[in-house]
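So the structure is just underneath, and the comments pick up after that.
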Amino acid sequence: MMLLPRSDSIHPNFNQDLQRFLFGREYQIDELPFPEDMIRQHVRKGLIALRRGVEAVDDGLFSLLLGSRRWVCRRCGNSDPGLFGSCACGRCRKSCVYCRRCLNMGVVRSCTELATWVGPEPVRQPVTPGGNGGLCEWTGTLSGEQAAAAAELVRCLNEGHSFLIWAVTGSGKTELMFPAIEYALLRGERVVLTTPRTDVVRELFPRMKASFPSVPVSALYAGSEDRIPDAPLVISTTHQLIRFHRCFDRVFIDEVDAFPFHFDPMLEYAVQKAAKEGAPFAYLSATPPPRLKNAYLRGDLKGTKIARRFHGHPLPVPLFCWAGNWKKSVAQGFLPPAMLKWIKGKMEAGIQIFLFVPSVSLLRELTELLQREALDHVAGVHAEDPDRHVKVTLFREGRIRILVTTTILERGVTVPAVEAAVFGADDPVFDERALVQIAGRVGRSPEYPAGDVVFFHNGRTLEMVRARRHIEQMNEEGGF
Ligand SMILES: [Zn+2]
Ligand SMILES: [Zn+2]
C-alpha cells in the first residue's frame, strides 16, 4: 500500500478559483476570465484537458472516396455537413471550418480550443440537514401512489438505472422527485433538474427553493439572475446546459417531450454532455416521446405510470365543437358564434379562460376581436412577447380574465380555476401531445377539480381523436 501524506499537508498545485470555475464546464480558452499562461500551466500538469471545437472525424475509406472530411462540433454535437461554414480565420491565419448551428453562442472554429477541468473535483459545499435529518422541508404529503413511485425512483437511481415517470397532468410530478433529489444532495452529489421551457424553470425555481431552504439552488435561463456557481442543485433550461461538461451525478428531465426537445438533437446532446458518465436519468412526462415510451413498454427502461391526479379526480375529457371555417370568420372580422357563446357564459360565471390558437398572427386578430366584443381583461401572449412573464403573472392573479396564447403555455403554467379552449384545434400544430397538455391545464386544484376543455374546429382530426382517447384511457387506468 502506498503511503499518502496527510490531507492537510497537501498544498494544491493548482488555482482553486480556476478549478471551481471550470469544473463540470467547457469553455473556449479566450472566454475564461483567467490569463492564458495560467491555463496552459494547468494543461501541462494534466489538470485541464483541451480539445478542438470543431474536429474532423475519420470515416476511413468513405472520406477517402469522397475526398472530403466530415466535421463534428464538440460544443453542440452538430455533424450536419450543411451546417458548417469555412472562413479565412483572423486568428490562425488559415482557412478554418466553423459551426453554424451554435453560432449564436459565439463562433466555434476548427482552431478553437475547448477547455475543461480534469483534475481533482472541487470540495463540495456541505449541505446541512435540518432538524428532521433531511433537507426537504416541503410540508405536503404524497398520496399512496405517489409515495410508491417516489420510492421506486430513489431505488432505481441508486442502482444506477434511468427511470421514467409517466404521470398524467396534475399528478404532482414535481413533489414526487423530492425524495430522490434529497437523497442525492445528502450524499453530496450534484443534481440538475432541466426542462426545455423557460416558463417551467421560472415556476419550478421558487418551489425548489422553498422546499430545500438550506440548499443553494441556481436557476439558469436566458437572463436569469439567480446563478450560483457551484450550486449543488441546478434548475436549468435544457439550452443553458450546453456549457456544462460531465458535471452532474443525477439528471432529472421534466416535460421531456416539450417542444423543442423532441426534435432538437442539440438539446439532447447538451443533456448527455452535462451528465457525468454513467449518471442515471429520471424522465418525467405526461406524454412521453415514442422513443422513451417504447423503451418503457418493452421493459428496456424502468419506470412507472401514474394515471390519477393527486386530488383523486379524473382528467377533464375534451369536448369537440364545430366552429365552421374559423380562419375565414376571423379574416372577416367576426368570432364563430358557438365560441362567443361559450366564452360569454364562462365570463358570466366568473371563470378564467386559456384560449389556445395555432399562430401568432391569429393570436393578434383574435385578441383584438375579443376586446372589441367588450369582454373585460383580454390579453394575448406568445413566445417573443416582451411582456410575456408580466401577463402570465397578471393571469395567475386573476387580473387578466382571458389569456389568448400560442402553444408556449401548453404546460407548466398552473392557475387554479381555469378552463381551456382551442381555437382551430384541427390545425396541424395541435398534435396529440399538445392537445393532451392543453387539456391538462384544467381541473388541477382540489377546489376546482373539473371544468371545460373545448376543441373548436372545422373538421375533427386524427390527432384530436387520439388526444381524447389518450385521456379516456388514462381515466380508465386510474379506475374511473
Ligand atoms: Zn456547434
Ligand atoms: Zn482558425
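Quick look at the values:
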| quantity | calculated |
| --- | --- |
| Neighbour-count ranking [beta-carbon atoms within 10 angstrom, fewest first] of Ile228, Ile242, Ile402 | Ile228, Ile242, Ile402 |
| Three-way shape label, segment 144-306, alpha-carbon gyration tensor, a/c 1.5 | rounded |
| Degrees, to the nearest 10: 360-372 long Cα axis against longest axis of the chain | 40 degrees |
| Relative contact order of the chain, pairs being alpha-carbon contacts under 8 Å that are 6 or more residues apart, as % | 13 percent |
| Gyration tensor (alpha-carbon) shape descriptor, segment 319-469, a/c threshold 1.5 | rounded |
| Segment 13-117 - Debye-derived log10 I(q)/I(0), Cα point model, q = 0.13, 0.17 Å⁻¹ | -0.54, -0.83 |
| R0 of 30 Å, Cβ-Cβ distance Arg155-Arg227: FRET efficiency to nearest 0.05 | 0.35 |
| Antiparallel DSSP beta bridges within the chain, as percent of all bridges there, nearest 5 | 30 percent |
| Net charge, His42 excluded, C-beta distance under 12 Å - Lys, Arg +1, Asp, Glu -1 | 0 |
| Net charge, Phe212 excluded, C-beta distance under 11 Å - Lys, Arg +1, Asp, Glu -1 | 0 |
| Percentage relative contact order, segment 379-480, counting C-alpha pairs under 8 Å, at least six apart | 25 percent |
| Label-reachable residues, segment 366-383, where backbone N falls under 13 Å from a point 7 Å from Leu340's Cα toward its Cβ | 369-375 |
| Cβ-based exposure ranking for Phe281, Phe356, Phe320, Phe395, in which fewest neighbours within 10 Å come first | Phe320, Phe281, Phe395, Phe356 |
| Which of Asp254, Asp37 has the fewest Cβ neighbours within 10 Å, and the rest in rising order | Asp37, Asp254 |
| Two-site FRET efficiency, Val43 against Gln16, from Cβ-Cβ distance with R₀ of 22 Å, rounded to 0.05 | 0.85 |
| Prolate/oblate/rounded label for segment 408-480 (Cα gyration tensor, a/c 1.5) | oblate |
| Charge context of Tyr183, other residues only, Cβ under 12 angstrom, K/R +1, D/E -1 | 0 |
| Projected label distance in nm at Arg207 and Asn294, using a 7 Å step from Cα toward the beta-carbon | 3.1 nm |
| Förster radius 22 Å - calculated FRET efficiency between Glu384 and Val429 (Cβ-Cβ, nearest 0.05) | 0.85 |
| Distance histogram in 10 Å bins (all Cα pairs of the chain, percent per bin) | 4, 17, 25, 23, 17, 10, 3, 1, 0 |
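Computed from the coordinates by the stated procedures, all read-outs in this text should not be read as laboratory data. Computed from a prediction, not measured in an experiment: that's the story for all the values here. Every residue, glycine as well, gets a Cβ built from its backbone with ideal geometry; the counts of neighbours run over all protein chains shown.
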